[in-house]
Amino acid sequence: MALVTVGIADLKVSKDPEDTLVTYSLGACIGLAVYDPVVKVGGLLHYMLPDSSINKEKAATHPAMFANKGIPLLFKQCYSLGADKQRLIIKVAGASQIMDNAGAFNIGKRNYAILRKMFWKNNIRIAGEDIGGNVNRTMYMEIRDGKINLKVSKKGMIEL
Amino acid sequence: MSLMEEIIAAVDDMPPFPQVVQRAMQALADPEYEVVGLVDILKVDQAITASILKLCNSAYFGLPRKVSSLREAVVYLGANQLRQLLLSGAASKIFEKPNAGYTVFADELWRHALATAVMAQVLRQSRRLNINENTLFTAALLHDVGKVVLSNFVADKYRDIEKMVEGGESSFQEAEKKVLGFDHADIGGKIAEKWEFPQSIITAIAFHHEPARAAKEFRVLTELVALSNNLAVMVGYGTGVDGLACRGHGLLLKKLKITDQGMEELVMLFQLEMAKTCEVAGVDED
């Protein structure tokens, strides 16, 4: 079994049934997992920020840092391994926040809002999610069967 | 002995902060520092000399020929790289101690320390803040050093702290204070005192969760450390122990006129810088 780490602002796709994709330290960031159960192709994205318009240059060199660039890229890379849009199972985790009544540290919320908006526009359904709270999350994807496990601080392991 | 007394005894047993690093920091604080003087300070420590040469000759810099003199390496690396290397080298040894009580994911505390220091640097540069870089980097890097000592004592109380945090009402630091009567910031301040750090750094460490309590002359520094800690936690760096159960200081964003978009830019700059720092410090980014 190979454990393939998806770094922060990074994405990986695989069709090797031995692979487990993993991404650590999801705070306000979002982990987006997509999986096609027929061809057994999966991909995992760990993005940090909603919109790359803050810096066009970095958007080109670090697309996985931003939702608006990373999400389309994740789908495209899965398609190139044979995945089909209609069959994709989508799971989402992250968008936590620190304790802040005024909601000033709201990157997590905005990270999630843009994802919902993009999915709504493209008619994509989310099959499972674990979002928000003051927790941090580690997300695992088994390429063999698409199973998503989350390690959540204060809660332990849960299957999504 | 009361728990507090036991912990103070443990603080007394902590190894000193390396003198060579402290002296080099003082020399580097002068923007017109003398290379010869700095080399004289550094050369007495073989391990530090070796690590400077190793960094200078690493693939990261890709120099066309091998550098073998300390003097040349010091000139080549420059103040910023040297400061990062020396401080993170010294601090990593302190944070490497296993943290039984806090059941931390391996080296999570250390990654958080580094992330907070990098965030502080990025904040300082991007907002053009007039504050001493050495002092800020050191305070940010060591702000959670109290957790290193505390972790050895909270094993049996840890469940109580955790439960209180799960309730959602208390931050991790508030829960520490309620359960133990003091928190990791208090202990961190004591450690910094023992190391004979300047009062500015002691204050910033001791009040990084309550910057309004810092003496006025050290308030700005303390606020920057508090905000850098907030942002590093928000992004997810080193939150294995307490998750994101950390009280946000939103007013500090306002004070520095950081808008939503400004915060996104900060996070982006931070991530690019963090990737570089991890490479230099030989730390796994994830």
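The values are calculated or read from the model by the stated rules, or taken from the named source; none is laboratory data. From a predicted model like this one, the values you see are computed outputs, not experimental measurements. Reconstructed Cβ throughout: ideal geometry from the backbone, glycine too, with neighbour counts over all protein chains shown.
Check B:LEU70, B:LEU28 and return the single one that is modelled with pLDDT of 85 or more, in contact with a Ser or Thr (Cβ under 6 Å, 6 or more places away or on another chain) and not hydroxyl-bearing (Ser, Thr, Tyr).
Values: B:LEU28 fails: in contact with a Ser or Thr (Cβ under 6 Å, 6 or more places away or on another chain).
Only one candidate passes the filter, namely B:LEU70.
Does region A:51-64 contain any residue that is within 15 Å of the chain's Cα centre (by Cα), in a helix (DSSP H, G or I) and over 20 Å from A:VAL135 (Cβ atoms)? Yes, region A:51-64 contains a residue that is within 15 Å of the chain's Cα centre (by Cα), in a helix (DSSP H, G or I) and over 20 Å from A:VAL135 (Cβ atoms).
With respect to the conditions (1) assigned to a loop (DSSP other than H, G, I, E, B); (2) acidic (Asp, Glu); (3) within 14 Å of chain B (Cβ to nearest Cβ), A:ASP145 falls short on a single one, namely (3). Where helices (runs of 4 or more DSSP H) sit wholly within region B:181-286, those with at least 1 residues that are farther than 30 Å from A:MET139 by Cα, in contact (Cβ under 8 Å) with a residue 40 or more places away in the chain and within 14 Å of chain A (Cβ to nearest Cβ) occupy B:250-255. Can you pull out every residue in region A:95-114 that is assigned to a loop (DSSP other than H, G, I, E, B), more than 10 Å from chain B (Cβ to nearest Cβ) and surrounded by fewer than 15 Cβ atoms within 10 Å (Cβ to Cβ)? Result: no residue meets the conditions.
Out of all the residues in region A:5-19, which are of a type in the set (Ser, Thr, Tyr) and more than 9 Å from chain B (Cβ to nearest Cβ)? Even if it seems obvious, please write down each step before you answer.
Kept after step one, since they are of a type in the set (Ser, Thr, Tyr), are these residues of region A:5-19: A:5, A:14.
Matches in region A:5-19: A:SER14 only.
The residue that is nearest to the chain's Cα centre (by Cα), counting only those in region A:20-42 that are away from chain B (no Cβ under 14 Å) and closer than 24 Å to B:CYS278 by Cβ, is A:LEU32.
Among the residues of region A:68-77, is there at least one that is surrounded by 16 or more Cβ atoms within 10 Å (Cβ to Cβ), part of a helix (DSSP H, G or I), within 14 Å of chain B (Cβ to nearest Cβ) and more than 15 Å from the chain's Cα centre (by Cα)? Before you say what the answer is, go through the steps one by one.
Step one: filter region A:68-77 for residues surrounded by 16 or more Cβ atoms within 10 Å (Cβ to Cβ), giving A:68-71, A:73-75, A:77.
Add one more test, that the residue is part of a helix (DSSP H, G or I), and what stays is A:68-71, A:73-75, A:77.
From what is left, the residues that are within 14 Å of chain B (Cβ to nearest Cβ) are A:68-70.
Keeping just the survivors that are more than 15 Å from the chain's Cα centre (by Cα) gives none.
Checked region A:68-77: no residue is surrounded by 16 or more Cβ atoms within 10 Å (Cβ to Cβ), part of a helix (DSSP H, G or I), within 14 Å of chain B (Cβ to nearest Cβ) and more than 15 Å from the chain's Cα centre (by Cα).
Please indicate, with yes or no, whether at least one residue in region B:135-152 is surrounded by fewer than 19 Cβ atoms within 10 Å (Cβ to Cβ) and farther than 22 Å from B:GLN81 by Cβ. There is at least one residue in region B:135-152 that is surrounded by fewer than 19 Cβ atoms within 10 Å (Cβ to Cβ) and farther than 22 Å from B:GLN81 by Cβ.
Considering only residues that are part of a helix (DSSP H, G or I) and among the acidic types (Asp, Glu), which ones fall in region B:12-43?
If we filter region B:12-43 for residues that are part of a helix (DSSP H, G or I), which is where we start, we get B:12-13, B:19-29, B:35-42.
Once the filter is applied, which keeps residues that are part of a helix (DSSP H, G or I) and among the acidic types (Asp, Glu), region B:12-43 yields B:ASP12, B:ASP13, B:ASP40.
Of all the criteria given as (1) over 19 Å from A:VAL13 (Cα atoms); (2) in a loop (DSSP other than H, G, I, E, B), the one not satisfied by A:LYS117 is (2). Looking across region B:208-249, the residues that are of a type in the set (D, E, K, R), modelled with pLDDT of 95 or more and more than 21 Å from B:GLN121 (Cα to Cα) come down to B:ARG213, B:LYS216.
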